[in-house]
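Notes for the one structure printed next.
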Amino acid sequence: MPLADRIAPHSRRGLKACDLRTTRLPDMRVLAAPDKFKGTATAHEVAAAIGHACWELGIDCVELPMADGGDGLLDVLGGANRTSTVTGPLGDPVSAGWRFADDTAVIEMARASGLVQAGGAQANEPMDATTTGTGELIDHALDLGARRIIVGLGGSATTDGGFGAIRAINAIARLKRVELLIACDVTTTFTDAARVFGPQKGATSAQIKMLERRLDRLVQMFMEDFAVDVREIEGGGAAGGLGGALAALGGRLVPGVELVADEIGLFDQLEPQPETGLAPVDLVITGEGRLDQTSFDGKVVGGVAAFAADAGVPTAAVVGSCDPDVGDISDRLVDVEVVSDRFGVEASINEPKRYIEAATEALLRRQR
């Protein structure tokens, strides 16, 4: 069904099917809420490209770059304004950017304890990789008087159950008096962390068994020290068990996409207006580097589409590539434009912003 036809039941302006190639729609309003295209364009760059395509067609656009709690979280929540030298995942010092403003600290654990910092899966040492640096950043935030700390989990090199982080936090009693929000995009439990995530961190089958035994011992330790059974915490296995460890210290695990949406005001853009009872946007355009089934399991595309659906607003997506096994997604997205299919893989990698903009224009023009 053409997009304009599908928008019409939700539009408070009575938008009718039309040809965007010849008609400007100054009354139409789009919300651009994409994730990054990993390795090629940041979420800010993707949102700007979508926005530019909209403005070229005379369409009002609000740009709200998104993240799901992993890498990219810091960028969409204001970017780093501090840098600290902390213990890297393999024990060497690393320089980690983080944010502190208005009594709130934003920490991306991957910047201190990430697989990239370890040199990738091939260079990683799964048995030794530590979250100590992440704990040091949390401790720095507490020293500065943070009343609220957001920790994004994702991209970790570690399966230490958060033990390194806990040992590095000197002010644990003070941490329990702040609001600690732990953003993640998985529901893996604490004791499953090694089995689920170990292989992508370079762990062998033998190492995975040893890591599982380590996590089992930590379950007992957390119970004895903090009276918290981390086995029962959904998402406790995020970042190799760091999620469970921080929850044992009083943190609250929340879906990263939901936390980001709340922080940047996405829900406000979808909130029904008193005078009409309808949302202030006609269409949401989201996106990411590769669309597959995991896109609808805690990731930005699925999260944004769900939020928009709750508000009665249709969602379309511009993506770099698409898994052919993604299946029927028409119940979630009214349209998908695949940049690499339209312009080729090389073009989409070498000039992503240019072709994301062109793909967005094609998406809008195609819908009558």
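Would you order ARG99, ARG177 from fewest to most other beta-carbon atoms within 10 Å of each residue's own beta-carbon?
Values: ARG99 20, ARG177 11.
The fewest-first ordering by Cβ neighbours comes to ARG177, ARG99.
Could you tell me which of GLY79, ALA247, LEU270 has its Cα farthest along the dipole of the chain towards the positive end, charges placed at Cβ (Lys, Arg +1; Asp, Glu -1), taken about the Cα centre?
GLY79
Of VAL106, VAL254, how do they rank once you tally other Cβ atoms within 10 Å and put the fewest first?
On the way: VAL106 27, VAL254 17.
Listed from fewest to most nearby Cβ atoms, that is VAL254, VAL106.
Under the Kirkwood approximation for Rh and a Cα-based Rg, what ratio Rg/Rh is obtained for segment 73-257? Write out the running numbers ahead of the final one.
Details: Rg = 14.7 Å, Rh = 15.7 Å.
Rounded to two decimals, Rg over Rh is 0.94.
Provide PHE100, PHE163 in ascending order of the number of other Cβ atoms located within 10 Å of each residue's Cβ, fewest first. Let's see the in-between values first.
On the way: PHE100 18, PHE163 22.
With the fewest neighbours first, PHE100, PHE163 line up as PHE100, PHE163.
What do the square roots of 5 times the Cα gyration tensor eigenvalues come to for segment 191-277, in whole Å, largest first, as semi-axes of the equivalent ellipsoid? Don't skip to the answer; put the middle values down first.
On the way: eigenvalues 261, 59, 12 Å².
Three semi-axes, in Å: 36, 17, 8.
What does the convex hull of the Cα atoms of the chain come to per residue, in Å³, rounded to a whole number? Let's see the in-between values first.
Numbers: hull volume 51.7 nm³, N = 368.
Hull volume over Cα atoms, normalised by residue count, gives 140 Å³.
Can you spot the lysines whose alpha carbon is less than 27 Å from LYS36's alpha carbon? Ignore those fewer than 8 places along the same chain.
Cross-link targets: LYS201, LYS299, LYS353.
How much of the DSSP beta bridge set in segment 80-158 is antiparallel, as a percent to the nearest 5? Numbers along the way, then the final one.
On the way: 10 of 15 bridges.
If we restrict to bridges inside segment 80-158, about 65 percent are antiparallel.
When 1/r is averaged over all different Cα pairs and the result inverted, which Kirkwood radius in Å belongs to segment 281-368?
Over segment 281-368, the inverse of the mean reciprocal pair distance is 13.1 Å.
Projecting each Cα onto the charge dipole of the chain (Lys/Arg +1, Asp/Glu -1 at the beta carbon, about the Cα centre), which of LEU144, PHE307, LEU211 comes out farthest on the positive side?
Value computed over the given set: LEU144.
Quick one: dipole size for segment 73-257, taken about the Cα centre, charges +1 on Lys/Arg Cβ and -1 on Asp/Glu Cβ, in debye to the nearest 20. Mind dumping the intermediate values first?
On the way: 17 positive and 21 negative charges, 16 e Å.
Approximately 80 debye in magnitude.
Rounded to the nearest 0.05, what FRET efficiency do ASP102 and ARG342 have when you use their Cβ-Cβ distance and R0 = 41 Å? All intermediate terms of the calculation are to be shown ahead of the outcome.
On the way: r = 42 Å, r/R0 = 1.03.
E(calc), rounded to 0.05, equals 0.45.
Counting helices only, and only those DSSP H runs with n ≥ 4, report the 222 nm mean residue ellipticity of the chain as the sum of -39,500 (n - 2.57) divided by its residues, in deg cm²/dmol to the nearest 500.
-10500 deg cm²/dmol
Tell me the relative contact order for segment 73-257 as a rounded percent, counting alpha carbon contacts under 8 Å between residues six or more apart.
On the way: 458 pairs, mean separation 40.1, N = 185.
Relative contact order of segment 73-257: 22 percent.
Report the relative contact order of the chain, percent, no decimals, based on alpha-carbon pairs under 8 angstrom and at least 6 residues apart. Working shown, then result.
Working: 888 pairs, mean separation 72.0, N = 368.
Result for the chain is 20 percent.
Would you mind working out the magnitude of the charge dipole of segment 175-327 relative to its Cα centre, with +1 at each Lys and Arg C-beta and -1 at each Asp and Glu C-beta, to the nearest 20 Debye?
The dipole of segment 175-327 has a size of about 920 debye.
Once fully extended, how much extra length lies between ALA80 and ARG213, figured as 0.36 nm per residue of separation less the alpha-carbon to alpha-carbon distance? Can you show the working numbers first?
Values: separation 133, 0.36 × 133 = 47.88 nm, distance 3.66 nm.
Contour length minus Cα-Cα distance gives 44.2 nm.
Quick note: the coordinates plus some simple rules give every number you see, no bench work behind them. This structure is a prediction, so every number in the text was calculated from the model and none was measured. Cβ: placed from backbone, ideal geometry, glycine included. Neighbour counts: every protein chain shown.
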